[in-house]
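The block underneath contains the structure these notes are about, expressed in structure tokens.
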Amino acid sequence: MPYADHTNPNTTAEFDNVAPRYDQHFGTCFDRAEESVLFDRFGHLLQLSDVLDIGCGTGLVKRLSDQLLFRPRTYTGVDTSAEMILVASKKHGLGDLSMPSPKRSPSGASGFVIDDMVEFMWAQPPGSYDVVTSFYFPMNYCEQSPREVYEAVAHVLRPGGHFVNVMASSRYAVRESHIVRAANLRRFFEPNQYYLNDIRDFLEPVAIVGFNYFIERYRRWLEFCPQRVIEAMFRFDQLRGEKSSMVPYFYGIHLQKPELKYEKTPLDM
């Protein structure tokens, strides 16, 4: 069994309630450092790509891609929280695409959609996007099982397309969540065996990277350091942590849809 569902909170309502002040919760130097380290690792995949951001919230991926000049060709963010989408649309100056068409995203358009992320993906034509992103644990909150999400992601990805999934580990329970109680996160087993075996039918693991092994322990000593110092500590922390047996607070999981294989015809022989 790939995961255990400890609770079933109404996360949409919870995120609706916090949407106006959501960005203020994540404005510390530690949050900025985490984002920078994640984008150093995965941001290049967005360049000139058609990007779908599932569980987009207020558009973190859009903000970072613009800020760090990893410019997608098109960007679509989808979230079940109407209030989060309202904040995202105003902040980024992009339209709410869910109004004229509640399921299918207009081809070549960028914007935000209010919808369940799995239902939205199945409503799109196959191979609609080059990259799907899921930053900061949407899969730990959603009602569907991991396999259901991955099958939907594989449906919307083009052959060779990438899925970057940032997922909370079991260790995240000791860290207080700013928005939804950590106890409400659905608990997943550590990913190695699951990702290496259970989803190879439609997605291949490229890299499974652990983040924030030790930073929480040193947090109060680092609070007054410049962000560059904290970013350097995150990178050192990651390298050191991966050589230990510790479980990180969260994972950056890079998966790729296999390329189409060309079968030779008699004319090719």
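No value in this document is a laboratory result; all are computed from the given coordinates. These numbers come from a predicted model, not from an experiment. With ideal geometry, Cβ positions are generated from the backbone for all residues, glycine too; neighbour counts draw on all protein chains shown.
Remarks
- The stretch between ASP31 and ASP66 holds 10.9 nm of extra length on full extension. This uses 0.36 nm per residue minus the Cα-Cα distance.
- In plain terms, the residue of ILE54, ILE215 with the fewest other Cβ atoms within 10 Å comes first and the most crowded comes last, giving ILE215, ILE54.
- Extension gain (nm, one decimal) between PHE224 and ASN10, 0.36 nm per residue minus Cα-Cα: 73.4 nm
- Reachable aspartates and glutamates from LYS257, criterion Cα separation under 16 angstrom, eight or more residues apart if same chain: ASP50, ASP130, GLU148, GLU151, ASP198, ASP201, GLU204
- Taking every C-alpha pair closer than 8 Å and separated by at least 6 residues, the mean separation divided by the residue count of segment 35-94 gives a relative contact order of 39 percent.
- Using 0.36 nm per residue and subtracting the Cα-Cα separation, the extra length available between ASN17 and ARG73 on full extension is 17.0 nm.
- Approximate spin-label separation SER245-LYS90, in nm, with each point projected 7 Å along Cα-to-Cβ: 5.1 nm
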